[in-house]
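I have placed the structure first, in the form of structure tokens, so that the comments after it can refer back to it.
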Amino acid sequence: MKAEIHSLLPQLIDHGLENTEGLLRVACPEGTDEISKQPTPNDKDLVSHLAAPKQAKSISQVLQECASIFESRVATQHPKFFSFIPSTMLPVSWLADLIINAFNPHVGGSLAGSTCDIVEKSLMSWLASKIGFSADEAAGLSVSGGSMANFMALTAARDKIVPKTENHHLAVIYVSGDTHFSISKAARILGFGKDQICQIPGLEPQTLATSILDDRAAGRIPMAIVATLGSTSTGSIDPISEIATVASENNIWLHVDGAYGASILLSASYAHLAKGVEKADSLTWDAHKWLFTSYGCGMLFVKDKQCLARSFAAHSDFLDAGGRQENYEFWDLSLELTRPARAMRLWFILRALGTDRIGEMIDRGVRLAEEA
Ligand SMILES: *Cc1c(COP(=O)(O)O)cnc(C)c1O
């Protein structure tokens, strides 16, 4: 197998998957390349028969099959593609992926993850400092995406604000009309009913405060406010500072969903738009949106790492649980145990481009949006 791959590798790099113009061309499409190609009914039929064969196929045949599968897709990294928000993979992220996947480090904990674990922790501390969180108390970690980050944040909020299971049905989550649907999905998975989500247009702070008082008077438990930093459809930003004041006066968890918009924190010209985010209890921030990585690179930051540990730390016979109070392993802070080195993609991009240039690229995105 190794010899077979070895003989194919130069061919793969030089000419790409057969029937295409090369992997590099795929990763760096030109303006004249097709943006979207959808499979014909015939393509669909052929591809749907490519499940697991009883007998082995040669690697070169499997590569050809790969090419036929990937050929039809929306090339979201195309220079003329402006449609979805998760869209902007840079070719350097693809290069990082190749290397990361060859090494395949297990970043569930510090033993197998070793130096990748250190790099992820220091990168997350740096990003936490951009949010305005204290490096000692906060924690940040890479997760599969914004939906996972939102789910984990709401879990941490529930376990802090409504610790007793028998009270979960009394909890209330405050959202706006622009809140991403991953929040209601997470709430449902966490066992909350639809009537436990209270929608307040624009999360207008005075209306929010009144609703909270009314809910408390009715015996309910205001649990979390979810503010959006960059809504998916228009990029709008809730009044985070004012909402944070309401949250702290009422002892409610403030989660900021900045899946897309939190990257504005790295812009020299527009970082002020995220003002107030430092007062949040948690923040969702996707690198696979406005930080140019390939897909599967979201991040969650919490102001107090104990809150993630309360919800996610686990003890098991086969994992050493001793002495972890100060230095949590990533598996103590996450739903996941086995974690790929996702943060290394972001690290690679930041090293290869420098944060000044990344900031300028974010500014360019804002200017393009203004022009549109
Ligand atoms: C994209 C997005 C999400 C979901 O993130 P995924 O990485 O797609 O799971 C959540 N919130 C907002 C505001 C988003 O733009």
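The values are calculated or read from the model by the stated rules, or taken from the named source; none is laboratory data. Everything quoted here is computed from the prediction, not taken from an experiment. Neighbour counts are summed over all protein chains in view; Cβ atoms, including those assigned to glycine, are modelled from backbone coordinates with ideal geometry. Side chains included, ligands, DNA and RNA excluded: accessible areas come from the protein's heavy atoms. Shrake-Rupley method; radii C 1.70, N 1.55, O 1.52, S 1.80 Å.
Quick rundown of the values:
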quantity: Per DSSP, loop chymotrypsin sites (Phe, Trp or Tyr not before Pro) in region 84-135 with at most 14 further Cβ within 10 Å; calculated: PHE84
quantity: Nearest-ten-degree value, helix 91-103 long axis tilted from longest Cα axis of the chain; calculated: 80 degrees
quantity: Estimated FRET transfer efficiency when R0 is 30 angstrom, pair VAL366-GLU137 (beta carbons, to 0.05); calculated: 0.45
quantity: Accessible surface of TYR270 - all protein chains present, 1.4 Å probe, nearest 10 Å²; calculated: 50 Å²
quantity: On Cα atoms only, tilt of 110-131 relative to the major axis of the chain in degrees; calculated: 60 degrees
quantity: Residue among GLY235, ALA287, PHE312 farthest towards the positive dipole end of region 227-372, charges placed on Cβ; calculated: ALA287
quantity: Summed side-chain charge close to GLN199 - residues other than GLN199 whose Cβ falls under 14 Å, Lys, Arg +1, Asp, Glu -1; calculated: -4
quantity: Sequence-separation-based contact order of the chain, relative, with Cα cut under 8 Å and 6+ spacing, percent; calculated: 20 percent
quantity: Whole-number D in µm² s⁻¹ for the chain, Kirkwood Cα-pair radius fed into Stokes-Einstein, 20 °C, 1.002 mPa s; calculated: 95 µm²/s
quantity: Heavy-atom surface of the chain, accessible at 1.4 Å and reported per residue (Å²); calculated: 51 Å²
quantity: PHE81 paired with SER236, simple spin-label distance in nm, labels 7 Å along Cα-to-beta-carbon; calculated: 2.8 nm
quantity: Total charge dipole magnitude, the chain, about the Cα centre, Cβ charges on Lys, Arg, Asp, Glu only, Debye to nearest 20; calculated: 320 debye
quantity: Local net charge near PHE330, Cβ-Cβ under 9 Å (Lys/Arg +1, Asp/Glu -1); calculated: -3
quantity: Antiparallel DSSP beta bridges within region 101-371, percent to nearest 5; calculated: 45 percent
quantity: Tensor-based shape of region 201-340 (alpha-carbon gyration tensor, a/c under 1.5 rounded, otherwise prolate or oblate); calculated: oblate
quantity: ARG25/ALA352 FRET efficiency (R0 22 Å; Cβ-Cβ; nearest 0.05); calculated: 0.65
quantity: Qualifying GluC sites (Glu not before Pro) in region 73-172, DSSP loop, other Cβ atoms within 10 Å at most 16; calculated: GLU137
quantity: Protein accessible area in the chain, 1.4 Å probe - carbon and sulfur %; calculated: 56 percent
quantity: Area accessible to solvent at THR165, 1.4 Å probe radius, in Å²; calculated: 100 Å²
quantity: Gained length - THR207 relative to ALA314, 0.36 nm times residue gap less alpha-carbon distance; calculated: 34.6 nm
quantity: ASN327-GLN61 pseudo-label distance in nm [points 7 Å out on the Cα-to-Cβ vector]; calculated: 5.0 nm
quantity: Environment charge at HIS49 (Cβ cut-off 14 Å; Lys +1, Arg +1, Asp -1, Glu -1); calculated: 0
